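Structure first, then comments.
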Amino acid sequence: MVFSETAIASYLAGFLWPLMRIGAVFMAAPIFASRQVPVRWRAALTLVITLIVMPILPPAPVVETFSHEAMLIALQQIAIGVMMGFMLQLVFAAVVFAGQVMAYSMGLGFASMMDPQNGVQVPVVSQFYLILVTLLFLTLNGHLILIELVIDSFQTVPIAVDGLSRNTLWDIAIWGGRVFSGGLLIALPLVTALLVVNLGMGIITRAAPQLNIFAVGFPMTMMIGFVVMWATLPNVLHNFGELVSESFQFLMHHLQIVR
């Protein structure tokens, strides 16, 4: 068999560009980008998915490997993949933010542990919620939906020099505000309940100054905080599901994917 230079370049283009976009998604998306997932597994998964979907992808542009046009195409594929993973990272960051607000309100800000996904210290409350929403994300097949969106994006945003626009980047920056609004919405019931408790403690202190408020208030605040966490757990999972749905809708809108 004789392979021409054009045929080899065409095959490499059809393999290399999809590999970059899919690999960027797995390097940025939650769960896949966790430090608990070895890099070799991510690389193997990227390679396997790329080889599977290659036959159904649109023809990739054939350019010289070390040209400036090839560099622009590579940057666009990486940017698209990172954007898709980053949007889901914002959703998980909202849950971590909510857990931090709850922990500081309950007086558990000092109780922290290593977040295996991001490699930073977060309160135990944040870690608890992060584990729950991760299991919920897998139960809702969020990882499969993400892979499906990546595959569909090759049809709507084909491999080319141009891809993401400035408006898309600006909308991503604006949507980042959902980290704080969504996290505050999740933490609001507990924060409100503990605010009422603290007001009650203040009134008791004024009425009975001889009462040691630190010996009574801290255990009561923590106990009520745990009760409110248990009572509002379904609401937390519901809000997380809505944030995930909004992030997927955002990706489908900007990637022009119609369902």
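Here are a few things to note about the model shown:
- Each residue in region 155-187 was checked for being under 18 Å from Ala28 (Cα atoms) and outside any loop (DSSP other than H, G, I, E, B), and 6 pass.
Here's the yes/no breakdown for (1) closer than 28 Å to Arg178 by Cβ; (2) modelled with pLDDT under 90:
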residue	(1), (2)
Val196	yes, yes
Met201	no, yes
Leu211	no, yes
Gly217	no, yes
Thr221	no, yes
Leu237	yes, yes
Phe240	yes, no
Val244	yes, no
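- Residues of region 119-135 satisfying the condition of being of a type in the set (A, V, I, L, M, F, W, C), under 15 Å from the mean Cα position of the chain (by Cα) and surrounded by fewer than 17 Cβ atoms within 10 Å (Cβ to Cβ): Ile131, Leu132, Leu135
- Residues satisfying the stated conditions in region 199-222, i.e. surrounded by 12 or more Cβ atoms within 10 Å (Cβ to Cβ) and assigned to a helix (DSSP H, G or I): Gly200, Met201, Gly202, Ile204, Thr205, Ile213, Val216, Gly217, Phe218, Met220, Thr221, Met222
- Contacts under 7 angstrom Cβ, first residue in region 57-84 being surrounded by 17 or more Cβ atoms within 10 Å (Cβ to Cβ), partner part of a helix (DSSP H, G or I) and of a type in the set (Lys, Arg), 6 or more apart: Gln77/Arg21; Ile80/Arg21; Gly81/Arg21
- Residue in region 96-103 that is at pLDDT 85 or above and closer than 30 Å to Ile49 by Cβ present: yes
- From the options Ala24, Ala44, Ala7, residue that is surrounded by fewer than 14 Cβ atoms within 10 Å (Cβ to Cβ), modelled with pLDDT of 85 or more, of a type in the set (Gly, Ala, Ser) and assigned to a helix (DSSP H, G or I): Ala44
- Output for region 156-165, where each listed residue is of a type outside the set (Ser, Thr, Tyr) and either in contact with a helix residue (DSSP H, G or I) (Cβ under 9 Å, 6 or more places away or on another chain) or modelled with pLDDT under 80 (or both): Val157, Ile159, Ala160, Val161, Asp162, Gly163, Leu164
- When restricted to residues that are assigned to a loop (DSSP other than H, G, I, E, B) and of a type outside the set (Val, Ile, Thr), region 57-94 contains 8.
- Any pair with Cβ under 7 angstrom, 6 or more apart, that starts in region 122-144 at a residue that is assigned to a helix (DSSP H, G or I) and ends at one that is modelled with pLDDT under 90 and of a type in the set (Ser, Thr, Tyr): Val124/Ser112
- Cβ-Cβ contacts under 9 Å between residues 6 or more apart (or on different chains), taken from a first residue in region 10-28 that is over 16 Å from Ala79 (Cβ atoms) and touching a residue at least 40 places away in the same chain (Cβ under 8 Å) to a second residue that is among the hydroxyl-bearing types (Ser, Thr, Tyr) and surrounded by fewer than 22 Cβ atoms within 10 Å (Cβ to Cβ), are listed as Leu12/Thr65; Ala13/Thr65.
The values are calculated or read from the model by the stated rules, or taken from the named source; none is laboratory data. This structure is a prediction, so every number in the text was calculated from the model and none was measured. Every residue, glycine as well, gets a Cβ built from its backbone with ideal geometry; the counts of neighbours run over all protein chains shown.
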